[in-house]
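J.: After the structure tokens below, expect a handful of questions from me.
The values are calculated or read from the model by the stated rules, or taken from the named source; none is laboratory data. None of the values given here were measured: they were computed from a predicted structure. Please note: Cβ atoms are built from the backbone with ideal geometry, for glycine as well, and neighbour counts cover all protein chains shown.
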Amino acid sequence: MKNLSLIGSTGSIGTQTLDVVRRHPDRFRVLTLTAGRNADLLIRQAQEFHPEAVVIADVTRYAEVREALAGTNTEVLAGKDALCEAAVWPGADTVVTALVGFAGLASTVAAIEAGRTIALANKETLVVAGSLIMPLAKKCGVDIVPIDSEHSAIFQCLQGEPQGSVEKILLTASGGPFRTLPREALAAVTAAQALRHPNWTMGEKITIDSATMMNKGFEMIEACHLFGVTPAQVEVVVHPESVIHSAVQFVDGSVKAQLAVPDMRLPIQHALCHPERAALDAGRINLFRLGALHFEEPDTERFPCLAYAYRAAEQGGLVPCAMNAANEVANLAFRQGMISYPRLCDIILHTMERTPVVAAPTLDDCFAADKQGRAIAEEYL
Ligand code: NDP
């Protein structure tokens, strides 16, 4: 039986994690659940899973949650700092980091320092502070097991392989809803169009990041930190069917890939069960019905955010952190219909160009760079 803290239980990854827990009551028990604002769903989750504590980050919803859970054994906490309390809850083995954006950094750091295994969905943590997070995890003897489907695929391909045997990582990308649109048409795309992802149903922020390919840039940085490779060793391969979730090419030319129908419950369950595997009654691949799989090179003219991410990864220091901050500002503005897609890209580049690299930053530097990056992006916006 593994005891879980689930940070961000009301989101796309959070609800799918609970679906995995629901299917394996003999394997998993949830000790804490946290939500941003969605009090209704948090209450229903608490009534079903009976956690020891829940956190509602939005303090204005505290009374509502406390009242609904009065008379139960669930403690109700509120506010941003309580997210860290949930992440270090006594008795938990694994913390699922399913919160979106930079807001996920503090609770992930707290969980690592408390020695919890991390089932990592919040990729922004590694984008903004990967050079600090990985050594911290090592120092604390903590495993970080990826939930992101691509990184789960790479993680699975690497099992049993000797260190130093990786030549490159083939990071697959669906290409998103705008994969085939010409450059001129991209200037007029709307958030509603961007939110119609061809293969995955996800939270709004990551769905927009997928449409702009910023998400793939983040994943490239995430892969560098998780698997100890350089940006030049990560090749993005557009693969519209999203059946190959990523592959690893080894020094002898052998390539191992992981294939499955696109269903996030598989990588979530894999991360929670590791090093075991459990049955999952999700779909199965039928190679005869698939017939063919397709691969394309990414087009960084139409999707410059991918190129920005490579540039940020090469520069290192605080640049990836500023890039992430600008993306959070621009992504939201695009969702609100305030800016066009080209302008979104422009805001990110503008912010990166005004950010000093700063070698070997501290966590405090990252928090400051996030603030500064947001300020630059908002002013430009
Ligand atoms: P969602 O937007 O669906 O969910 C985010 C969760 O975080 C919700 O529970 C939300 O609460 C909570 N939250 C948001 N902001 C805050 C805040 N400031 N303070 C406290 N809680 C907050 O996101 P996803 O589930 O799609 O993504 C989560 C993470 O997983 C992201 O980093 C994403 O990149 C990554 N990921 C997601 C995948 C997917 O398929 N969705 C695939 C691979 C990675 P509430 O809703 O109650 O406000």
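J.: I'd like the full set of residues that are assigned to a helix (DSSP H, G or I) and over 22 Å from the mean Cα position of the chain (by Cα), limited to the stretch 352-363.
T.: Glu353, the sole residue that qualifies.
J.: Okay, next question. Residues to consider are Leu381, Leu363; find the one that is over 23 Å from Gly130 (Cα atoms) and either modelled with pLDDT of 95 or more or aliphatic (A, V, I, L, M) (or both).
T.: Leu381
J.: Still on this model: Does Ala312 count as buried (at least 24 other Cβ atoms within 10 Å of the Cβ), touching a Gly at 6+ places or on another chain (Cβ under 7 Å), outside any loop (DSSP other than H, G, I, E, B) and in contact (Cβ under 8 Å) with a residue 60 or more places away in the chain?
T.: No.
J.: Considering only helices (runs of 4 or more DSSP H) fully contained in the stretch 126-230, which possess at least 1 residues that are surrounded by 18 or more Cβ atoms within 10 Å (Cβ to Cβ) and polar (S, T, N, Q)?
T.: 149-158, 204-212, 214-227
J.: Among the residues of the stretch 346-371, count how many are farther than 11 Å from Met323 by Cβ and surrounded by 19 or more Cβ atoms within 10 Å (Cβ to Cβ).
T.: The qualifying residues number 2.
J.: Moving on to the next point. Checking Pro356 against (1) over 21 Å from Leu136 (Cβ atoms); (2) modelled with pLDDT of 95 or more, which single condition isn't satisfied?
T.: Answer for Pro356: the failing condition is (2).
J.: In the set Ala121, Ala110, Ala46, which member is within 16 Å of the ligand (Cβ to nearest atom) and surrounded by fewer than 22 Cβ atoms within 10 Å (Cβ to Cβ)?
T.: Exactly one residue qualifies, and that residue is Ala110.
J.: Among the residues of the stretch 9-31, what is the count of those that are within 7 Å of the ligand (Cβ to nearest atom) and under 21 Å from Glu75 (Cβ atoms)?
T.: 3
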